[in-house]
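Beneath this line is the structure, given in structure tokens, with notes to follow.
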Amino acid sequence: MGFWQRSRLIFHSFRNNANASIRQVAHQTGLSKSSVHRLEQAMERRKCHPESCFWETEEGHRWLIRLVVAALYHFGLKRGVGAETMHAFFACLHLEQQVGCSPSTLRAVMEQLEHLILETTAALEREGIAQGQMGPIVGSVDATFLERMLLVCMDLVSGYILFEEVADDRTSETWHGRVKARLDPLKTRVLYLVSDRAKALSKLAETGLECPSIPDVFHLLYDLVKGYSLAISSQWKAAHQALSQVQAHLDKLPASGTSETEAQAAPRAVAACEAEVSHWEQVREAYRAHLKVMSLPVCPWRVTDSTPQTSQEVEVHLTAAVAAIQALLATNGLPVKQKVLGKVRQQLAGWAGVIDLWWQELRQEVQSQIVLTPMWVHGVEAHLLPFMYWEQQGLRTRCPRRKAKL
């Protein structure tokens, strides 16, 4: 019988009969009188706060375990928070007497937790391989830099990190060796590879893994934002500053002693500056609307009417959105950076290509399980699948306005 089991036995015994003697509790629990005495003294030392009694119960003990593991996993392992900081966190919750929360203890428990996670991961992988449950992977690869360079590969569908390893370089040969060594035991394939379209990563997809290379939406939109957001924001800020200056000048005009011309010019200047502010606010909102539009149509169905669409149709829609941004910039006298727009346009076909890959994989999966007549195929693709798809997209979308459009 463990320490906490004995403590709970004694806690319940004294709670049911507060006047019970140590001899009576020892007889009731089957423990020695010395053990009952030591455990009773330990419980008294732990009763430092009003909530301390709850932690002695079975429910409270389970909750403590969950709290400690969750804190070590999310703060320590995933975010790199130091053991001293987590010790201070547990101290603020009045848990110094309930759990071992010294920095050295927390480090030791984190090491055990990390070891258990890796063991569980390996066991689940072996089980999945044995049962043939390893489906195709939608891969994503990138290099990140902490103390040293790390090569990271993950499955975008499940969020499962396939590997995160230190490397001296990020050439296509290094990437291919790491990815191949990881995927071969899994007996799976990569459906397509998402990346920032660096030459080594594109070569990895097209030559090494023999799958399409899809541009990362984040990097694609980031190129647009980096190229034009500052210019639009600068004009908007300058218009606001001009309005503030003109408004301040109008407020300083004396009620009398001002010429008629100056008295009439000041309100007109304020109105002109207000119009300029309103204009650049509209430009900024229109620019943001075009960026949002670019992320919505990359779906197997149109957002407006759930009509199935192909990669070519999506590419046309994306091209029109980029053209609208270019027209917005040119109309308002902002610099049109052709290099930025050209880089974005080169990636639109690859970005839209994921739609045809999605349809191809879906139809192959359905045909391998059941044979449907053409009427049933149309019904599934036009009604059942879009309903299920938009329901899942709604659950994954956090933005209320984006969720409403879906």
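Quick notes on this one:
Okay, residues lined up against (1) of a type in the set (A, V, I, L, M); (2) modelled with pLDDT under 85; (3) in the same structural domain as V138 (by TED's automatic domain parsing):
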| site | (1), (2), (3) |
| --- | --- |
| V314 | yes, no, no |
| A327 | yes, no, no |
| N332 | no, no, no |
| V377 | yes, yes, no |
| L395 | yes, yes, no |
| K403 | no, yes, no |
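Each row is one residue, and each column tells you yes or no for (1) at pLDDT below 85; (2) aliphatic (A, V, I, L, M).
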| site | (1), (2) |
| --- | --- |
| E260 | yes, no |
| R268 | yes, no |
| E281 | no, no |
| V298 | yes, yes |
| V303 | yes, yes |
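- Cross-chain or 6+ apart pairs with Cβ under 6 Å, the stretch 314-343 first and farther than 23 Å from W301 by Cβ, then of a type in the set (G, A, S): L328/A286; L334/A231; V336/A330; K337/G227; V340/G227
- Taking the listed residues L72, L9, the one that is assigned by TED's automatic domain parsing to the domain that holds L113 and at pLDDT below 70 is L9, with no other qualifying.
- In the stretch 375-406, residue surrounded by the most Cβ atoms within 10 Å (Cβ to Cβ) [restricted to those that are of a type in the set (K, R) and part of a helix (DSSP H, G or I)]: R402
- Restricting the stretch 204-254 to residues that are charged (D, E, K, R) and outside any helix (DSSP H, G or I), the residue that is surrounded by the fewest Cβ atoms within 10 Å (Cβ to Cβ): E210
- Of residues in the stretch 105-133 being among the aliphatic types (A, V, I, L, M), more than 25 Å from the chain's Cα centre (by Cα) and farther than 30 Å from L95 by Cα, the one surrounded by the most Cβ atoms within 10 Å (Cβ to Cβ): I129
- Any hit, the stretch 333-340, residues being of a type in the set (A, V, I, L, M) and outside any loop (DSSP other than H, G, I, E, B): yes
- Residue match in the stretch 225-233 (condition: in contact with a Pro (Cβ under 8 Å, 6 or more places away or on another chain) and closer than 26 Å to I325 by Cβ): yes
- Looking across the stretch 134-157, the residues that are of a type outside the set (V, I, T) and loosely packed, with under 11 Cβ neighbours inside 10 Å come down to F145, L146, E147, R148.
- Test: residue in the stretch 68-75 that is among the small types (G, A, S), surrounded by 13 or more Cβ atoms within 10 Å (Cβ to Cβ) and part of a loop (DSSP other than H, G, I, E, B): no
Matching residues to (1) polar (S, T, N, Q); (2) touching a helix residue (DSSP H, G or I) at 6+ places or on another chain (Cβ under 9 Å); (3) under 23 Å from Q112 (Cα atoms):
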residue	(1), (2), (3)
F54	no, yes, no
E58	no, yes, no
A70	no, no, yes
H74	no, no, yes
T85	yes, yes, yes
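- Residue identified as at pLDDT 70 or above, under 24 Å from A108 (Cα atoms) and among the hydroxyl-bearing types (S, T, Y) among T85, T57: T85
- Residue within the stretch 185-200 that is over 18 Å from the mean Cα position of the chain (by Cα), loosely packed, with under 13 Cβ neighbours inside 10 Å and closer than 22 Å to V217 by Cβ present: yes
A quick yes/no check of all residues on (1) at positive phi; (2) assigned to a loop (DSSP other than H, G, I, E, B); (3) free of Cβ contacts under 8 Å to residues at least 24 places away in the same chain:
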site: W63; (1), (2), (3): no, no, yes
site: G80; (1), (2), (3): yes, yes, yes
site: A91; (1), (2), (3): no, no, yes
site: E96; (1), (2), (3): no, yes, yes
site: T120; (1), (2), (3): no, no, yes
site: E127; (1), (2), (3): no, no, yes
site: V138; (1), (2), (3): no, no, no
site: E147; (1), (2), (3): no, yes, yes
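- When the stretch 300-325 is filtered for residues that are in a helix (DSSP H, G or I) and surrounded by fewer than 16 Cβ atoms within 10 Å (Cβ to Cβ), the ones remaining, listed by number, are Q312, E313, V316, T319, A320, A323.
- Sole residue being closer than 23 Å to I355 by Cα, out of contact with any helix residue (DSSP H, G or I) (no Cβ under 7 Å at 6 or more places or on another chain) and either of a type in the set (A, V, I, L, M) or in contact (Cβ under 8 Å) with a residue 40 or more places away in the chain (or both), chosen from D216, D223: D216
- Flag if S35 is more than 27 Å from the chain's Cα centre (by Cα), surrounded by 13 or more Cβ atoms within 10 Å (Cβ to Cβ) and in a helix (DSSP H, G or I): yes
- So G394, is it farther than 20 Å from V138 by Cβ and free of Cβ contacts under 8 Å to residues at least 12 places away in the same chain: no
The values are calculated or read from the model by the stated rules, or taken from the named source; none is laboratory data. Bear in mind that the values here come from a model prediction, so they are computed numbers and not experimental data. Neighbour counts run over all protein chains shown; Cβ positions are idealised from the backbone, glycine included.
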